[in-house]
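The values are calculated or read from the model by the stated rules, or taken from the named source; none is laboratory data. Please read these numbers as outputs of a predicted model, since none were measured by experiment. A quick note on method: Cβ atoms are made from the backbone with ideal geometry, for glycine too, and the neighbour counts reach across all protein chains shown. With ligands, DNA and RNA removed, areas are computed over all heavy atoms of the protein, side chains included. Shrake-Rupley method; radii C 1.70, N 1.55, O 1.52, S 1.80 Å.
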Amino acid sequence: MYSPFDTIAAVSTPFGKGGVAVIRLSGPDALTVAGRVFRPRSGKAVTDYPARYAVWGDIVVPDGAEAAFGRPGEVLDDGLCTLFRGPASYTGEDTAELSCHGGILVTRNVLTACLLAGARQALPGEYTRRAFLNGRLDLEKAEALGNLLDAGNDTQLRLSRSGMNGLLTRQAEAVYGGLCAVLSNMEAGIDFPEEDLTEMPREEILRAAEEALAEARRLLSTYRTGRAIAEGVPTVICGRPNVGKSAFFNRLVGRDAAIVTDIAGTTRDVLTETVSLGKVTLRLCDTAGLREDAGMDAVEKIGVERARAAMEQAELILYLSDPGMPTEADGDVSERELARAEAAGKTVIRVLTKSDLYPGMESVPGSIPVSSLTGDGFGVLAEAVEAAFIDGGLHVGEEAVVFSARQAAELASCASALARASANLRAGLTYDICADDIREAMSALGSLCGRTAREDVINEIFSRFCVGK
Ligand code: GDP
């Protein structure tokens, strides 16, 4: 297996032709490897230069390299080399960054030279994983960084920046600190029940536990907003044939919008597209019927069962109808289904399509007229979706917002442990029983901040990064 103590190398700029490319080295031999492949024009050795100093020179084939690659000492490119000495580097280890011209072949040759000089190819996310393991960033920051790289709109970017500033970790640590005081008082009470060693009387311990509970619940409640921004709201577009679902979908996706398409299995029929609508990210589920030949009934095509399953999973249902088309008979299945979805807590937004065809039409309460042809009404639709999923009182970017399912799960287990602790304290149970729940709540907060995160959780987070990050 790969050792975390290897010196690693990767191209950290995107693949392709560009002005410059950066090849990053990190690990115990990073400076030595840099010295083997980089010759400053000054004639000095690169390792003689101070850290964070950009040195100009030649990138060369290292000594002992295969003949097939080039002669040792042959110049591959000229460029800059910057050294960072651990722990003052991104990874916390010794690091070197080589900037060369951004040609595909040049970049690959420089990377190969680094590998021949003693580095090994970095794994996806390995730089950031090392930064985490060396305490250079916590899990919230690592997750936020992943989101920052994926951000498709400004609100996502703002949320990622707040995560990188560690706002949530700071709040969680404040709660943790409060619980520490509670626990130490309880433990004093357990060990010396007769002596009055506890500074906090029981009512005060109870109050502190309940304040922590309220704060954990408050933080947890921000997840609806954080999720709508960062992870996306599972959404379906439905309606009868020809009401304009395909045209609506195409307008939402936009010709030049960033589209993420997941094709599950070998068939092309289960598709998810991620689009931004105002501040909200929509994960459009099962768009199979919407992508191919327009005019065909999506429900018919993907089957009623599939449509139902998509609705089942969705949290937002955009129900489209064309005001010029006859309304459905009473007791229509889809109407019944919509009512059921609403009763199950899903958000249903009714959209009237093709508004350009019906200029003088009176507005129908509760429905939003749009034209996929002109784009009219999409701003109003965005506001309606934001109103349903974004807490307007929350200042995203300035306040702590829970933005991943992992964070939400840790907070939820913290809150339930604290709810038990407060119920037990109120019921007058002994401190030794209550202390277990406080410890559990603290451990969940510890995992939230990455103090005690499990290996699989860490793997999951870093698997999202690309090679070179
Ligand atoms: P679907 O079966 O629900 O997917 O409906 P389509 O998107 O295929 O649209 C059915 C017909 O309505 C097509 O001829 C579209 O060009 C037309 N259509 C859809 N949206 C609009 C719109 O906003 N304005 C106008 N004028 N026509 C539209």
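Along the charge dipole of the chain, which of Gly178, Ala421, Leu157 sits closest to the positive end, that is, farthest toward it, with unit charges on the beta carbon of Lys, Arg, Asp and Glu (+1, +1, -1, -1)?
Positive-most Cα among the choices belongs to Leu157.
Please get the size of the charge dipole for the range 7-106, origin at its Cα centre, with Cβ charges of +1 on Lys and Arg and -1 on Asp and Glu, quoted in debye to the nearest 20. Display every interim value, and only then the final one.
Numbers: 9 positive and 11 negative charges, 44 e Å.
Dipole of the range 7-106, to the nearest 20 debye: 220 debye.
With a 1.4 Å probe and all protein chains left in place, how much of the accessible area of the chain comes from carbon and sulfur atoms, in whole percent?
53
Taking the Kirkwood radius as the inverse of the mean 1/r across Cα pairs, report the Rg/Rh of the chain. Before the final figure, lay out the partial values.
Working: Rg = 28.5 Å, Rh = 26.3 Å.
Dividing the radius of gyration by the Kirkwood radius yields 1.08.
Any chance you could look up the accessible area of Arg251 with a 1.4 Å probe, heavy atoms only, rounded to 10 Å²?
100
Summarise the long-distance tail of P(r) for the range 310-469 by giving the % of C-alpha pairs beyond 18 Å.
Details: 9554 of 12720 pairs.
Counting pairs separated by more than 18 Å, the tail of P(r) holds 75 percent.
For Tyr49, Tyr358, what's the largest-to-smallest order of accessible area, 1.4 Å probe? The partial results should precede the final answer.
On the way: Tyr49 30, Tyr358 60 Å².
So, going from the largest accessible area down, we get Tyr358, Tyr49.
Where does the range 43-129 land on Rg/Rh, using Cα atoms and the Kirkwood Rh? Spell out each step's value before the answer.
Values: Rg = 13.5 Å, Rh = 14.0 Å.
That ratio equals 0.97.
Once you place label points 7 Å from the Cα toward the Cβ at Arg439 and Arg170, how far apart are they in nm?
Spacing of the two 7 Å Cα→Cβ label points: 3.2 nm.
Accessible area per residue, 1.4 Å probe, Å², for the chain: what's the number? Intermediate results must be reported in sequence, preceding the final value.
Details: 22840 Å² over 469 residues.
Normalised by residue count, the accessible surface of the chain is 49 Å².
Given the options Val37, Phe5, Val236, identify the residue whose Cα lies farthest towards the positive end of the charge dipole of the chain (+1 on Cβ of Lys, Arg; -1 on Cβ of Asp, Glu).
Val37
How much accessible surface area, in Å² rounded to 10, belongs to the heavy atoms of His395 with a 1.4 Å probe?
About 100 Å², ignoring ligands and nucleic acids.
Among DSSP bridges having both ends in the chain, what percentage is antiparallel? Round to the nearest 5. Write out the running numbers ahead of the final one.
Values: 36 of 56 bridges.
The antiparallel fraction comes to roughly 65 percent.
Applying 1/(1 + (r/R0)^6) with R0 = 41 Å to the Cβ-Cβ distance of Ala412 and Ile190, what FRET efficiency is obtained, to the nearest 0.05? Don't skip to the end; give the middle numbers.
Values: r = 28 Å, r/R0 = 0.67.
With a Förster radius of 41 Å, E is 0.90.
If every alpha-carbon in the range 100-180 counts as one equal scatterer, what log10 I(q)/I(0) does Debye give at q = 0.19, 0.26 1/Å?
Scattering profile of the range 100-180, log10 relative to I(0): -0.93, -1.10.
Would you list, by chain and number, the lysines whose Cα falls below 27 Å from the Cα of Lys17, excluding same-chain residues fewer than 8 positions away?
Lys469
What is the spin-label model distance, in nm, from Glu335 to Asp376 if the labels are put 7 Å beyond Cα along the C-beta direction?
2.7
Per DSSP H run of at least 4 residues, take -39500 (n - 2.57); add these up for the chain, divide by its residues and hand me the 222 nm value, nearest 500 deg cm²/dmol. Spell out each step's value before the answer.
Working: 17 runs with 205 residues, N = 469.
Taking each H run of at least 4 residues, the total per residue is -13500 deg cm²/dmol.
With a 1.4 Å probe and all protein chains kept in place, how much accessible area does Glu410 have, in Å² rounded to the nearest 10?
40
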